[in-house]
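All remarks here apply to the structure that follows.
The values are calculated or read from the model by the stated rules, or taken from the named source; none is laboratory data. This is a predicted model, so every value here is computed, not measured. We place every Cβ from the backbone using ideal geometry, glycine too, and count neighbours over all the protein chains shown.
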Amino acid sequence: MNIVLLGAPGAGKGTQAAMMVETWGFPHISTGDILRKAVADATPLGLEAKRYMDAGDLVPDLVVIGLVKSRLSSDDAKKGFILDGFPRTAVQAEALDTELESMGLSIDAAILVSVDSNVLVGRLTARRTCKACGKIFNLQNNAPVDPKVCEVCGGELYQRDDDTVETVSNRLSVYERSTAPLIGYYRDKGVLKEIDGDRAVDAVFADVREIVKG
Ligand code: AMP
């Protein structure tokens, strides 16, 4: 199944994507993860992307479209994929459709994880991610015993540079302005599935399961 995960930053897309990967083994294509790796490796792409990411702005369309195209051309993506954090603009959504069409593919479901914006700020600033395995925790509602240690692998937990109060408010405005219009785009195509993301992780995943089992 070819899935797009839609939703504001902090809605829980990454957490649900990780559960989907564990359950069905679809490749998880997260443009944020690809970009953070490039930043950590200090590649030319990472150096260019970092200033946009640190400000909570979007990395230019051409850059992310190129990344996704090359990832989609890998063999494993032919069996289905989860796109997490892409597309984020109308230009990206249209480029994705064109690329998939040329591969004889299309999006089967755009799953919108909805969470009220008041809840998102608290969630984002309380988010901690494991440096080693990528597992996401939340100090408010999914807190590890030790806030600095991953309960899965013992790795070090860190706060993403863009999860600070200052950057979060810009990321949420960018979402409303550039990405929220894609809800209508996928609704018009008849593939939009909206789920309430302001619940326990397992309850949200039960809805995802219904959609994927279809
Ligand atoms: P995320 O992990 O999805 O929240 O992404 C973190 C940051 O990476 C975003 O705030 C953007 O700066 C950048 N980014 C990720 N995906 C995209 C995208 N599809 N288009 C533009 N910028 C992106």
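Points worth noting:
- Tallying residues that are within 15 Å of the chain's Cα centre (by Cα) and farther than 26 Å from residue 204 by Cα within the range 72-114 yields 1.
- Test: residue in the range 178-197 that is within 21 Å of residue 18 (Cβ to Cβ) and of a type in the set (A, V, I, L, M): yes
- The set of residues in the range 126-160 being aliphatic (A, V, I, L, M), in contact with a strand residue (DSSP E or B) (Cβ under 6 Å, 6 or more places away or on another chain) and closer than 19 Å to residue 16 by Cβ consists of 126, 136.
- The residues of the range 10-20 that are away from the ligand (no atom under 11 Å from the Cβ) and either closer than 14 Å to residue 71 by Cβ or part of a helix (DSSP H, G or I) (or both), listed by number, are 15, 16, 18, 19, 20.
- Top-ranked residue of the range 184-200 - restricted to ones that are at pLDDT 95 or above and of a type in the set (A, V, I, L, M), ranked as surrounded by the most Cβ atoms within 10 Å (Cβ to Cβ): 195
- Flag if residue 23 is over 23 Å from residue 175 (Cβ atoms) and of a type outside the set (Asp, Glu): yes
- In the set 55, 93, only one residue is touching a Leu at 6+ places or on another chain (Cβ under 8 Å) and either of a type in the set (Lys, Arg) or closer than 23 Å to residue 176 by Cβ (or both); that residue is 93.
- Among the residues listed as 88, 123, the single one being closer than 27 Å to residue 23 by Cα, crowded, with 17+ Cβ neighbours inside 10 Å and modelled with pLDDT under 95: 123
- Considering the range 116-211, the qualifying strands (runs of 3 or more DSSP E), each wholly inside and each with 1 or more residues that are in contact with a Phe, Trp or Tyr (Cβ under 7 Å, 6 or more places away or on another chain), run over 127-130, 192-196.
Yes/no matrix, rows are residues, columns are (1) within 26 Å of residue 119 (Cβ to Cβ); (2) more than 12 Å from the ligand (Cβ to nearest atom); (3) assigned to a helix (DSSP H, G or I); (4) free of Cβ contacts under 8 Å to residues at least 12 places away in the same chain:
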| position | (1), (2), (3), (4) |
| --- | --- |
| 8 | yes, no, no, no |
| 22 | yes, yes, yes, yes |
| 35 | yes, no, yes, no |
| 42 | no, yes, no, yes |
| 48 | no, no, yes, no |
| 53 | yes, no, yes, no |
| 68 | no, no, yes, no |
| 83 | yes, no, no, no |
| 91 | no, no, yes, no |
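- Scanning the range 167-183 for residues that are more than 13 Å from the ligand (Cβ to nearest atom) and either acidic (Asp, Glu) or modelled with pLDDT under 95 (or both) returns a single hit, 176.
- For the residues 209, 171, the requirement of being out of contact with any strand residue (DSSP E or B) (no Cβ under 9 Å at 6 or more places or on another chain), surrounded by 12 or more Cβ atoms within 10 Å (Cβ to Cβ) and over 22 Å from residue 55 (Cα atoms) singles out 209.
- Residue 62 being without any contact (Cβ under 8 Å) to a residue 60 or more places away in the chain, under 26 Å from residue 98 (Cβ atoms) and in a helix (DSSP H, G or I): yes
- With respect to (1) of a type in the set (D, E, K, R); (2) closer than 15 Å to residue 182 by Cβ; (3) assigned to a helix (DSSP H, G or I), the lone exception for residue 76 is condition (2).
- Being touching a Pro at 6+ places or on another chain (Cβ under 9 Å) and at pLDDT below 95 holds for only one residue in 74, 70, and it is 74.
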